[in-house]
Amino acid sequence: MRETPLSNCERLFLLKAIESKKRLDGRQTYDYRSIKISFGTDYGCCSVNLGKTRVLAQVSCELVPPKDSRPTEGIIFLNLELSPMASPAFQTNRQSELLVTLNRQLERCLRNSRCIDTESLCVVSGEKVWQIRVDVHVLNHDGNLMDAASIAAISALCHFKRPDVAIQGRDVTVFGPAERDPVPLSIYHMPVCVSFAFFQQGTYLLVDPCEKEELIMDGLLVMAMNKHREICSIQSSGGIMLLKEQVLRCSKIASVKVSEITELINKALENDRQARKEGGKFGFVESMPKERITALKREESLVEMTDVQETADQIISKAAAGHEVVPSPVIVATGTGQVGEGLQNTWGLDEEDEEEESGTKVEKRGTGSKSEYACLPVSVFLH
Amino acid sequence: MDSILSCFKDKVGEVVLPGDVFSLDLSDVENNTVKSEKIICGPGLRRNGDEILVSKSGILRHRSPNLYWIDSQQKRYVPAKGESVIGVVTAKSGDSFKVDVGGSELASLSYLAFEGATKRNRPNVQVGDLVYSQFAIANKDMEPELVCIDSCGRANGMGVFGADGLLFKVSLGLVRRLLSPQSEIIKDLEKLFPFEMVVGLNGRVWVKANGIQKTLIVANLLESCENMTPQQRQALFKRVAEGSL
């Protein structure tokens, strides 16, 4: 499927809005959309919501022979996928430009910044090392995939635990989670990408562009940084000239945003750890809010109650006295007692329902909220 | 005499899911115990032999005497003949424009299908413009075709529009609610401040108010109306009217 084309009126409006420092969703220039980080029941499974953008990262590991050039280092493999579920414009099995850019940027952000201690992933030098694989799936595309993907990937890596191994001579034993507790990866720092969109040849700058803003931007600057304010990678695309001051300003904004996001990730990790320790509920299902569509709900039916009391009184006054017959208790066996015949009510109350309906004129009305109407249920006791 | 449609009548106003079956017991009709009746299946219902299957999730609606359909919160538009939609012109090709209406295929719009257009006098339509137009042909297996004139050759409100203002997408259910003659959402919104609005049945809404801020407010209010009860909506509109902007 094609991408929905952007009309001239949207383009004009967005540019005008940006000039007057307004954004479609009411954010300020430097605001992020709301970020939600949730973890799955398995270790190393993390889903990130950035506004309507949704990304899922899953970490897995495998014992493989190392690369010849680095026999004592583990391998980190990053893979980002754009499925048609995220946006009808994405197609499966097609290497689009966006996909290549995102994959490369994610690699630069996580692998080239050496945030993961690869040497600790070595099991037997030159023979067996752990390969850590991070699969990032984009579930919904509403702009700024890079930031969402980097947050999801680093959170999943921090959350992940690999099985413990023991080495005796040349024998390698891998312990299941029941035998020995899995060990977390050793992570030096947490790089997070922050995207800046530039408009009008760099005159205007926006943090965390949404999909429509991405369509009309002139250039994009993605900066990966950790909370120690170390820049891990910078990538500028779109071919606009940026001044030195602009890049510096971006790095200042990025440092603030990164420290906020890192704190959020740590808090989410801590929450999950607590929940697991206390044996409480965790996983995606628990973190999902119960959303319901209520606008199509049926209105409560209103019932006229104006003269209910009088009518009820009338009926009571007119009604014949209840049956005076009181059935005598029956003793079926010694130690038991029974009144009536079970199942059927023989107390002479069975006509209550009919009288209530016919007598009080319970009317069903449509909408309209006058004071003399009240809501169901109405029950009139006659006996 | 009991009606054959009694199985429908109980379910009107309730949520049904794809795969739900309404089975009509035809043996009763033959025995003359129930009256046979015609029934019109609207969107979301389809006949399969002796039963009627639900093919969309939503609320079963009924209009007398015998029209039943499903009110769903669908987002994907499927072109239907006679419906008025907002399209985006994506290309000029020969003697027609290719227009994106949000359906599976681009629709074609002949340049002669504008008011006062002749072979000599072409309408001034640029790529990226918005057109409000009506489907003249919308078949399953053919390219849909739009026109910007009615049967008398008049524009009748259709044509190119929207030099400024904002276009956004909402669900098809909300669009239908906006277009219903006694729409409460519109009535509530009108009280806030004046604005212009074009609503296409394909889920696209164009709004323009005095200034960017007000246009954004209208757009955001309409988007948020999707999942609100009338009480919540009125409370929100009241807050906006009181000046939390």
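Taking the options A:K52, A:K16, A:K36, name whichever one is basic (K, R) and under 29 Å from A:I132 (Cβ atoms). Exactly one of A:K52, A:K16, A:K36 is basic (K, R) and under 29 Å from A:I132 (Cβ atoms), namely A:K36. B:D100 fulfils the conditions (1) under 14 Å from B:R204 (Cβ atoms); (2) in the same structural domain as B:M197 (by the TED database); (3) not polar (S, T, N, Q) except for a single criterion, (2). Which one of these is open to solvent by less than 20 Å² (accessible area, probe 1.4 Å), within 13 Å of the chain's Cα centre (by Cα) and of a type in the set (V, I, T): B:V78, B:V54, B:V85? None of the others qualify; the one that does is B:V85. Listed by first and then second residue, the pairs linking a residue in segment B:178-191 that is over 19 Å from B:A241 (Cβ atoms) to a residue that is buried (at least 16 other Cβ atoms within 10 Å of the Cβ) and not basic (K, R), with Cβ atoms under 7 Å apart and 6 or more places separating them unless they lie on different chains, are B:L178/B:I185; B:L178/B:I186; B:L178/B:V199; B:L179/B:V199. Candidates B:L130, B:L146: the one that is touching a helix residue (DSSP H, G or I) at 6+ places or on another chain (Cβ under 7 Å) and open to solvent by less than 40 Å² (accessible area, probe 1.4 Å) is B:L130. State yes or no: is B:G87 in contact with a strand residue (DSSP E or B) (Cβ under 8 Å, 6 or more places away or on another chain) and assigned to a strand (DSSP E or B)? For B:G87, the condition - in contact with a strand residue (DSSP E or B) (Cβ under 8 Å, 6 or more places away or on another chain) and assigned to a strand (DSSP E or B) - is met. Restricted to segment A:33-59, and to residues there that are crowded, with 17+ Cβ neighbours inside 10 Å and among the hydroxyl-bearing types (S, T, Y), the residue that is farthest from the other protein chains (Cβ to nearest Cβ) is A:Y43. Per the listing B:L201, B:L172, B:L167, B:L178, the residue uniquely within 14 Å of chain A (Cβ to nearest Cβ) and in contact with an Asp or Glu (Cβ under 6 Å, 6 or more places away or on another chain) is B:L167. Scanning segment B:94-111 for residues that are buried (at least 16 other Cβ atoms within 10 Å of the Cβ) and over 23 Å from B:K140 (Cα atoms) gives a single hit, B:Y111.
If you go through segment A:118-156 and keep only what is in a loop (DSSP other than H, G, I, E, B) and closer than 26 Å to A:S38 by Cβ, you end up with A:H141, A:D142, A:G143, A:N144.
The set of residues from segment A:231-244 being surrounded by 13 or more Cβ atoms within 10 Å (Cβ to Cβ) and in a loop (DSSP other than H, G, I, E, B) comprises A:I240, A:L242. Taken over segment A:218-230, the criterion of being over 18 Å from A:F198 (Cα atoms) and open to solvent by 30 Å² or more (accessible area, probe 1.4 Å) is satisfied by A:K227, A:H228, A:R229, A:E230.
Among the residues of segment B:44-97, those that are touching a helix residue (DSSP H, G or I) at 6+ places or on another chain (Cβ under 8 Å) and among the acidic types (D, E) comprise B:D50, B:D71. Selection of segment B:198-216 for residues being under 13 Å from B:L166 (Cα atoms) and open to solvent by less than 20 Å² (accessible area, probe 1.4 Å) yields B:V199, B:R204, B:V205, B:W206, B:V207, B:A209, B:T215, B:L216.
Hey, could you check segment B:112-126 for residues that are among the polar types (S, T, N, Q) and away from chain A (no Cβ under 14 Å) and say which is most open to solvent (accessible area, probe 1.4 Å)? Checked segment B:112-126; the qualifying residue most open to solvent (accessible area, probe 1.4 Å) is B:N121.
Evaluating A:F77 against the criteria (1) of a type in the set (F, W, Y); (2) in a strand (DSSP E or B); (3) within 14 Å of chain B (Cβ to nearest Cβ) leaves one unmet condition, (3). The C-beta contact set for segment A:3-15 (first residue facing another protein chain (nearest Cβ under 7 Å), second residue open to solvent by 30 Å² or more (accessible area, probe 1.4 Å) and in a helix (DSSP H, G or I), distance under 8 angstrom, 6+ apart or interchain) comprises A:E10/A:K212; A:F13/B:I212.
Which ones in segment B:222-236 are more than 8 Å from chain A (Cβ to nearest Cβ) and under 19 Å from the mean Cα position of the chain (by Cα)? Within segment B:222-236, B:L222, B:E223, B:S224 meet the criteria. Answer yes or no: is there a residue in segment A:80-98 that is assigned to a helix (DSSP H, G or I), more than 14 Å from chain B (Cβ to nearest Cβ) and open to solvent by 30 Å² or more (accessible area, probe 1.4 Å). Yes, there is a match, as at least one residue in segment A:80-98 is assigned to a helix (DSSP H, G or I), more than 14 Å from chain B (Cβ to nearest Cβ) and open to solvent by 30 Å² or more (accessible area, probe 1.4 Å). Are any of the residues in segment B:54-61 away from every other protein chain (no Cβ under 14 Å), among the aliphatic types (A, V, I, L, M) and assigned to a strand (DSSP E or B)? There is at least one residue in segment B:54-61 that is away from every other protein chain (no Cβ under 14 Å), among the aliphatic types (A, V, I, L, M) and assigned to a strand (DSSP E or B). Of the residues making up segment B:175-197, those that are in contact with a Gly (Cβ under 8 Å, 6 or more places away or on another chain) and open to solvent by less than 70 Å² (accessible area, probe 1.4 Å) number 1.
Residues in segment A:169-203 that are open to solvent by less than 60 Å² (accessible area, probe 1.4 Å), within 24 Å of A:K22 (Cα to Cα) and part of a loop (DSSP other than H, G, I, E, B): A:G202 alone. Can you find a residue in segment A:289-299 that is surrounded by fewer than 15 Cβ atoms within 10 Å (Cβ to Cβ) and modelled with pLDDT of 75 or more? There is no residue in segment A:289-299 that is surrounded by fewer than 15 Cβ atoms within 10 Å (Cβ to Cβ) and modelled with pLDDT of 75 or more. Being within 14 Å of chain B (Cβ to nearest Cβ) and open to solvent by less than 80 Å² (accessible area, probe 1.4 Å) is the requirement here; does A:K22 meet it? Here the answer is yes, as A:K22 does meet what is asked.
The values are calculated or read from the model by the stated rules, or taken from the named source; none is laboratory data. Keep in mind the model is a prediction, meaning the values are calculated, not measured. Glycine gets a Cβ as well: all are built from the backbone with ideal geometry, and neighbour counts include every protein chain shown. In case anyone asks, the SASA skips ligands and DNA or RNA and just uses the protein heavy atoms, side chains included. Shrake-Rupley method; radii C 1.70, N 1.55, O 1.52, S 1.80 Å.
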